[in-house]
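All remarks here apply to the structure that follows.
The values are calculated or read from the model by the stated rules, or taken from the named source; none is laboratory data. Since this is a predicted model, take the numbers as computed values, not measurements. All Cβ positions, glycine included, derive from the backbone under ideal geometry; neighbour counts span all protein chains shown.
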Amino acid sequence: MTQVRTRFSPSPTGALHLGGAHTALFNWLYARHFGGVFILRIEDTDRERSQEKFVEEIQESLRWLGLNWDEGPYRQSQRLDIYHEYVKRLLDSGHAYCCDCDPEDLETRRQAALAKGEKPRYNRRCRERGLAPGPGTAVRFKTPETGTTHWQDRIKGHIAFDNQELDDLVIMRADGIPTYNLAVVVDDITMRVTHIIRGDDHISNTPRQILIYQAYGVDPPEFAHMPLMLGKDRTKLSKRHGALPVLAYREQGILPQSLNNFLARLGWSRGDQEIFSMAELIEYFDLDHVGKSPGVFDQEKLLWLNSHYIKVTPPRELAALLTPFLAAIGVENPDPDYVARIVPTLNKRSKTLVEMADAARFYFLDPRPYDEKAAKKFLTPASVPLLRETAARLSALQELSEESLTDLLKDICADKGCKLVDLAQPVRVALTGKSASPSLTELIPILGKEECLRRLNNAINSVAES
RNA sequence: GUCCCCAUCGUCUAGCCUGGUCCAGGACACCGGCCUUUCACGCCGGCAACACCGGUUCAAAUCCGGUUGGGGACGCCA
């Protein structure tokens, strides 16, 4: 069996979005599953809209997701000579012809046809004129006027188009730049791509491309058209649905593994399994279990996966990922050991690294000013004796451990005749500034005795002042 | 409009190819409860779907046809 070769071929006209990441992932997984080659190809034949910064951003996005490529990035803009040669071959073999129709005229005809509810199609004015190549002359593919073009799609099954439905598409513009359909085919032939996995919005391009393969006498690769990802309103996913560029998810504190797992499970499944490591994804991924129907992007599920991965990622590892987010709340260069210690107290209560950094604030910064509602409710004159007692006993405590602290808190309650919650909440606000936090018995040892005493006293003073 | 694709809980999906084990399973979300020093986690339970019509068959979520609905494509964009 020949080696599997897949490719991801974005056009750098914008940032890499979820949909792009989805197809990139499927191509990557398929290649990795079969020990094949994953190629990155930049389709930048649209000079107007292509931008170098997007080429960079796309690569950065793929790197973040861990979707490494084995070849490329190739750029179509640097392969013009190859396309010219291939166009010439089509011209020479009579599979293509030159066309000097006025683009503006064509455009008005198109609009008119669409307005009348007809399928816009080129009238083939130049098909038999035998025009010679030259300035102002585009090249069109001579599509067969009869017959059908069909293929066995690896996801959708058998698909057929009447050749009559296709028209003589432009394969090279008047300025000598090839169009998408020509460039893809030439690239996929020369790069020996074996499987084309792409969004099903490309289905209608496929018969045209197959015809071009046939004109070159080359067997087309396998096609697999994956269902599109839709927004909540079931239309093509876009910004309005809250779908963001891939890198925006990184900024929001989503782990790459969460996004990969999410994207993999959208359209593909393996029984009831929801959680997949990258290794499992590579091991199990196949085209046979890719569904045919489109899926809706569900932010909630992504967050659920993210909270899962935040929980299971080893503290040291997560600490490293969290550190950049700590910088955002003003904590620069924190001690890695200290961060690793706080992680286990926060990972069950955070859905994103942004949330986690926010919840970690009190570990680094003074809890004042206290959360207004929390202070009003719990830092009351009545709580002062409890805070004093806690400070006194804490100061006398030899060893800060969960057990000793649990005992300490319970003893105070027993002596003062109060419920644990009535003691814990004022202490919590004093130490963290909020009414919700990690458990006191795990946070106190991390803050340390001195710091806790300091905060307790500050809280007592703040009650006195108010 | 024309062509193409699709159709199981609100969402992601298993099951469909190789009809019966499915009065349809899992997960997210949601709603209860338990646990509990707060918030979470966790655990237990609940709600909730085979788009519709017809056909084939002893038997259909599963096969066939149609209807409806949704999506996509119709560029000298990709």
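For the range A:224-283, how many residues meet the condition of being of a type in the set (S, T, N, Q) and surrounded by 19 or more Cβ atoms within 10 Å (Cβ to Cβ)? Explain how you work it out, then say what you get.
Initial filter on the range A:224-283 (of a type in the set (S, T, N, Q)): A:235, A:238, A:252, A:257-258, A:260-261, A:269, A:273, A:277.
Filter again for surrounded by 19 or more Cβ atoms within 10 Å (Cβ to Cβ), leaving A:257-258, A:260-261.
Matching residues across the range A:224-283 total 4.
Scan A:431, A:405, A:420 and give me the residue that is within 12 Å of RNA strand B (Cβ to nearest atom), among the aliphatic types (A, V, I, L, M) and without any contact (Cβ under 8 Å) to a residue 12 or more places away in the chain.
Values: A:431 fails: without any contact (Cβ under 8 Å) to a residue 12 or more places away in the chain; A:405 fails: without any contact (Cβ under 8 Å) to a residue 12 or more places away in the chain.
Matching residue, one of A:431, A:405, A:420: A:420.
Going by the structure shown, is residue A:55 assigned by TED's automatic domain parsing to the domain that holds residue A:198, surrounded by 15 or more Cβ atoms within 10 Å (Cβ to Cβ), closer than 25 Å to residue A:179 by Cβ and β-branched (Val, Ile, Thr)?
Judged against the criteria, residue A:55 is not a match.
Starting from the range A:7-34, keep only residues that are under 19 Å from residue A:191 (Cα atoms), then list their pairs with residues that are in a helix (DSSP H, G or I) whose Cβ atoms are within a distance under 6 Å, requiring at least 6 positions of separation or different chains.
Short answer, once both residue conditions are applied: A:8/A:24; A:8/A:27; A:10/A:20; A:10/A:58; A:29/A:281; A:32/A:282.
Sort out which residues of the range A:33-52 are surrounded by 15 or more Cβ atoms within 10 Å (Cβ to Cβ) and either more than 20 Å from residue A:13 (Cα to Cα) or assigned by TED's automatic domain parsing to the domain that holds residue A:172 (or both), and write them in order of number. Break it down stepwise before answering.
Quick first cut of the range A:33-52, residues surrounded by 15 or more Cβ atoms within 10 Å (Cβ to Cβ) only: A:33-34, A:36-46, A:50.
Result: A:33, A:34, A:36, A:37, A:38.
Return the total of residues in the range A:107-134 being within 43 Å of the chain's Cα centre (by Cα), surrounded by fewer than 16 Cβ atoms within 10 Å (Cβ to Cβ) and of a type outside the set (D, E, K, R).
9
Could you tell me whether any residue of the range A:59-78 is assigned to a loop (DSSP other than H, G, I, E, B), closer than 27 Å to residue A:173 by Cα and within 14 Å of RNA strand B (Cβ to nearest atom)?
The first filter runs over the range A:59-78 and keeps only residues assigned to a loop (DSSP other than H, G, I, E, B), leaving A:66-70.
Among the residues that remain, those that are also closer than 27 Å to residue A:173 by Cα are: none.
No: the range A:59-78 contains no residue that is assigned to a loop (DSSP other than H, G, I, E, B), closer than 27 Å to residue A:173 by Cα and within 14 Å of RNA strand B (Cβ to nearest atom).
Taking interchain pairs and intrachain pairs at least six residues apart, which have beta carbon atoms under 6 angstrom, with the first residue in the range A:285-307 and without any contact (Cβ under 8 Å) to a residue 24 or more places away in the chain and the second near RNA strand B (Cβ under 6 Å from one of its atoms) and assigned to a loop (DSSP other than H, G, I, E, B)?
Pairs that qualify, where the first residue is without any contact (Cβ under 8 Å) to a residue 24 or more places away in the chain and the partner is near RNA strand B (Cβ under 6 Å from one of its atoms) and assigned to a loop (DSSP other than H, G, I, E, B), are A:289/A:269.
Does residue A:108 qualify as being farther than 30 Å from residue A:75 by Cα, at pLDDT below 90 and among the hydroxyl-bearing types (Ser, Thr, Tyr)?
Working: farther than 30 Å from residue A:75 by Cα: yes; at pLDDT below 90: yes; among the hydroxyl-bearing types (Ser, Thr, Tyr): yes.
Answer is yes for this residue.
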